[in-house]
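In what follows, a single structure is set out as structure tokens and then discussed.
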There are 2 protein chains.
Amino acid sequence: MKASGYANNSATDKLKPFEFDRREPGPQDVVIDILYCGVCHSDIHSARNEWGHTHYPFVPGHEIIGRVRAVGNNVSRFKAGELVGVGCLVDSCRECEPCKEGLEQYCENGWTGTYGSEDKIGGTPHTHTFGGYSDKITVSERFVLRVPDNLDPAAAAPLLCAGITTYSPLKHWKVSSGQKVGIIGLGGLGHMGIKFAHAMGAHVTMITTSPAKGKDAKRLGADGVLISTDASAMTAAQGSFDFLLNTIPVGHDVNPYMGLLKLDGTMVIVGAVEALTKVSGVPFIFKRRSMAGSLIGGLPETQEMLDFCGKHNITCDIEMIDIKNINAAYDRTVKGDVKYRFVIDMGTLAN
Amino acid sequence: MKASGYANNSATDKLKPFEFDRREPGPQDVVIDILYCGVCHSDIHSARNEWGHTHYPFVPGHEIIGRVRAVGNNVSRFKAGELVGVGCLVDSCRECEPCKEGLEQYCENGWTGTYGSEDKIGGTPHTHTFGGYSDKITVSERFVLRVPDNLDPAAAAPLLCAGITTYSPLKHWKVSSGQKVGIIGLGGLGHMGIKFAHAMGAHVTMITTSPAKGKDAKRLGADGVLISTDASAMTAAQGSFDFLLNTIPVGHDVNPYMGLLKLDGTMVIVGAVEALTKVSGVPFIFKRRSMAGSLIGGLPETQEMLDFCGKHNITCDIEMIDIKNINAAYDRTVKGDVKYRFVIDMGTLAN
């Protein structure tokens, strides 16, 4: 099946139009006409080979919203015309304990990412998966999600990565009403963290280096703002948070944040895959605090997140773009110049 | 009340005989004739002012075993002649939430350490508390522990710090039968970690840089030994541990250890108050692992630990010393030349 999209051919190459094959649907497959695809910072890291394992040609995109075009004979959960989503995963071993528990993101045998992963299902001339910056995609039913009809489909796209990445730790660590929660960093992830923690009933504080971001944080649902460069405000806030969601996407000093936690509090890292600066054992030991990490979410929890968004009418704050402007959007994303996620209108691909 | 002990007067001074006052017992106080006192590495850090807040003259010692000499009028739990212990704490605010929950070690208003803390109870000419390298001590009933009669009193002394420091995290993180637990570092803390984790039914692996320690680890109860400098053994053990108790007492690289944990596994730091080297977010994020800290234990849990030791006949492996040899024992402790804890026979004080 012929598909059109955007790809690049090297770390320094720009994204440009690219024709390729999608597999014909097998019995368990869903073919999706892609309407929108979010632009995640991971797309940029991968396109530019900043993590060192990119396979070219490379088609990014793992925040996919579309309509079902066709389904295989054994597909029971979807039918043509339905609004669906695809996130970061399109396959996993389905047999290990995490997969059996619906924690496919922790598959012990290695999941298949929506882009840039070795394609174990096959059915095309390509060895690696191509992502959502394209007009259509064939995905195994298990990895397709139902999108509530009341959500704006374009603004729902980033829920598939930025949304689940922040929802999952808030749920796993049982954030709830009456708790004081801090969201560190206001970008694509952080703005969703505020919305979810607020909807879960927590008292939400935006923790940011940038006073200018405070006003917007309150619009998004934050009850308060803590400027992390304000030493006296940070001292006053020591030991006051039940939970911190740390969305900072680069290596940084976590010690000042750890001190903000109460006894037995946890800070979860969802952004920083780079090394953190020296971590002191002191804030851990003296208040039995924890630092943890969390990766996207499994398929059942991603569906739960989408249903939660439908119920609470939560979507992302986005800036829609023509796919012809994707390279400029990348540059703006790297500069942090987006509120809070670019989404590609895939209808522009045919223009 | 006159007391004798050993103290030093500066960071470079040796410990030597010292006469001082203990308070006369108030209604809630227990006066204890000290039989034995363990030698904790914290004693050395403090005597040498390595943490920068030592008040001189300084009497170390917070692993105290003795017999009740007298009790105040309102003391209900103890009577003269009983075998008792005193650990790292002799007072706390008793009113904050942690204190109400018996987590005095996390007192929000600052607990009083057995040595070197400002003495808020008073009753002596001294402003700071004096520890257990002495012939007697007056302690508020709440901070006195009952020692099971079946335990060797000398070998029970280090339970009051090394014991509870390792028991508390194993209990808090619910280590139990069927779990695979690693104890990192074989010193005073590590050797107790092995004994406790084994008694709790876990499969216990000693993780050490030193192959020579393997044999002794098995004698202490370890089921296996993992040499952390053996790259292939470390690779083979990736993702296999439910829980790691990290007793390394200095700053170190935690990244190789974090990779040993299973999905949702936790490593607890109990030794390192110095900065850890750069911590990578990757092992945290990709298996939802946690790193936490833990500080000694509260009074109820310390009693529970002593009762557990009575039931399972657990004590420490010690080397008994004459108090006149304390300065040489410090030098040997710093070199790691002790299996696994020095305990002072306080009867030697009068010689």
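Points to keep in mind about this one:
- Test: residue A:341 is within 18 Å of residue A:186 (Cα to Cα) and either in contact with a strand residue (DSSP E or B) (Cβ under 6 Å, 6 or more places away or on another chain) or touching a residue at least 24 places away in the same chain (Cβ under 8 Å) (or both): yes
- Filtered by the rule that a residue be within 19 Å of the chain's Cα centre (by Cα) and closer than 12 Å to residue A:133 by Cα, segment A:322-345 gives A:326, A:343, A:344, A:345.
- Subset of segment B:256-281 (residues that are under 25 Å from residue A:97 (Cα atoms), buried (at least 16 other Cβ atoms within 10 Å of the Cβ) and not hydrophobic (A, V, I, L, M, F, W, C)): B:256, B:257, B:259, B:262, B:265, B:266, B:281
- Residue A:239, sole failed condition from (1) more than 8 Å from chain B (Cβ to nearest Cβ); (2) under 17 Å from residue B:294 (Cα atoms); (3) of a type outside the set (A, V, I, L, M): (1)
- Flag if residue A:16 is touching a Phe, Trp or Tyr at 6+ places or on another chain (Cβ under 8 Å) and surrounded by fewer than 17 Cβ atoms within 10 Å (Cβ to Cβ): yes
- When residue A:97 is tested against the conditions (1) touching a strand residue (DSSP E or B) at 6+ places or on another chain (Cβ under 9 Å); (2) surrounded by 20 or more Cβ atoms within 10 Å (Cβ to Cβ); (3) within 14 Å of chain B (Cβ to nearest Cβ), the lone failure is (2).
- Residue check for residue B:215: without any contact (Cβ under 8 Å) to a residue 12 or more places away in the chain, within 17 Å of residue B:183 (Cβ to Cβ) and touching a strand residue (DSSP E or B) at 6+ places or on another chain (Cβ under 9 Å): yes
- Single residue of A:314, A:318, A:285 found to be of a type in the set (Val, Ile, Thr) and within 14 Å of another protein chain (Cβ to nearest Cβ): A:285
- Residue A:180 being within 14 Å of another protein chain (Cβ to nearest Cβ), out of contact with any Leu (no Cβ under 7 Å at 6 or more places or on another chain) and over 23 Å from residue A:32 (Cβ atoms): no
- Here the condition is being touching a helix residue (DSSP H, G or I) at 6+ places or on another chain (Cβ under 9 Å) and surrounded by 20 or more Cβ atoms within 10 Å (Cβ to Cβ); of B:308, B:284, it holds for B:284 alone.
- Scanning segment B:79-92 for residues that are among the hydrophobic types (A, V, I, L, M, F, W, C), assigned to a strand (DSSP E or B) and in contact with an Asp or Glu (Cβ under 9 Å, 6 or more places away or on another chain) yields B:83, B:86, B:89, B:90.
- Residue match in segment A:93-102 (condition: within 19 Å of the chain's Cα centre (by Cα) and outside any loop (DSSP other than H, G, I, E, B)): no
- Evaluation of residue B:201 against the conditions (1) crowded, with 24+ Cβ neighbours inside 10 Å; (2) free of Cβ contacts under 8 Å to residues at least 40 places away in the same chain shows that the sole unmet condition is (1).
- Extreme residue, farthest from residue B:184 (Cα to Cα), among residues of segment B:254-277 that are modelled with pLDDT of 95 or more and within 8 Å of chain A (Cβ to nearest Cβ): B:263
- Residue match in segment A:140-147 (condition: assigned to a loop (DSSP other than H, G, I, E, B) and at negative phi): yes
- Entry remark, segment B:177-210: residues being closer than 18 Å to residue B:236 by Cβ and assigned to a strand (DSSP E or B) number 10 in total.
- Search result, residues across segment A:64-86 that are within 19 Å of residue A:345 (Cα to Cα) and either touching a Phe, Trp or Tyr at 6+ places or on another chain (Cβ under 8 Å) or polar (S, T, N, Q) (or both): A:64, A:65, A:66, A:68, A:84, A:86
- Any chance residue A:245 is more than 8 Å from every other protein chain (Cβ to nearest Cβ), over 22 Å from residue B:249 (Cβ atoms), crowded, with 22+ Cβ neighbours inside 10 Å and in contact with a Pro (Cβ under 7 Å, 6 or more places away or on another chain): yes
The values are calculated or read from the model by the stated rules, or taken from the named source; none is laboratory data. The shown structure was predicted, so the numbers you read here are calculated from the model rather than taken from an experiment. Note: ideal-geometry Cβ built from the backbone for every residue, glycine included; neighbour counts use all protein chains shown.
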